[in-house]
Amino acid sequence: MDIVVKGRKTEVPERFRKHVAEKLKLEKIQKLDGKVISLDVEVSKEPNPRQADRCDRVEITLRSRGPVIRAEAAASDPYAALDLAAEKLDARLRKEHDKRHTRRGARRLTAAEVADHVPGAATLNGNGQAVHEEESDGVPTKKIGSLEIKGEGPLVVREKTHVASPMTLDQALYEMELVGHDFYLFVDSETKEPSVVYRRHAYDYGVIHLSTDPMVARAHSPAAGDTMGG
């Protein structure tokens, strides 16, 4: 496998090409991902003088039998941008490598072991049916976000709200690969509805679109309740 270095609206000197080969060591990359198919490095230049500190951008794209991994960075010169992008690529490769090994080493729990390993899991009787504990009065109830929790309940580790601009499906796929996640939530620019793109396997992607059922929305609206009640 060779490293393909190309420039977008800029010339790439031979010295930089040699530096790329020295910086992105194929032996090290193949140890983290033995199924690498291609490794592309694209260099571009921002002509705007106001962005002199970020005028050179380097994007590294690694394709393998697994997910596509991208890493990009911008700096005042292409060598510094390459160093930053290479660090991001190494971190994402290690993350995917650790994820694969964790999945291989994980053992599937039996039904009888779930209650011992998962807090709050239901206990099963000999027939495989859930044994419900009697609920005692006086158990405190609290609200976390929009959830009403009785007792200890599930733990909400993080809750985030993002302001998103509508985008196309292609843009959403690009953003997902850019951040290195397995899914990406966005607002579809055509339907104006929330949607999710996700990685399936190899080069396959999936997309889930959400649309509001007008009958359900009407049934839950205050005006509909007044009409039905009257």
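Since every read-out is calculated from the coordinates, none of them should be taken as a lab result. Given the structure is predicted, the values throughout are model-derived calculations rather than measurements. All Cβ positions, glycine included, derive from the backbone under ideal geometry; neighbour counts span all protein chains shown.
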How many nm separate the modelled label positions at Glu87 and Asp53, each set 7 Å beyond the Cα in the direction of the Cβ? 1.6
With an 8 Å Cα cut-off and a minimum separation of 6 or more residues, compute the relative contact order for segment 1-101 in percent. 24
Return the subset of Lys31/Lys95; Lys88/Lys192; Lys23/Lys99; Lys9/Lys88; Lys25/Lys95; Lys23/Lys88 for which the Cα-Cα distance in this structure is over 21 Å, preserving the input order. Lys88/Lys192; Lys23/Lys99; Lys9/Lys88
I'm a student and want to see the number: the projected area of the Cα convex hull of segment 1-101, averaged over all directions, in nm². 6.2
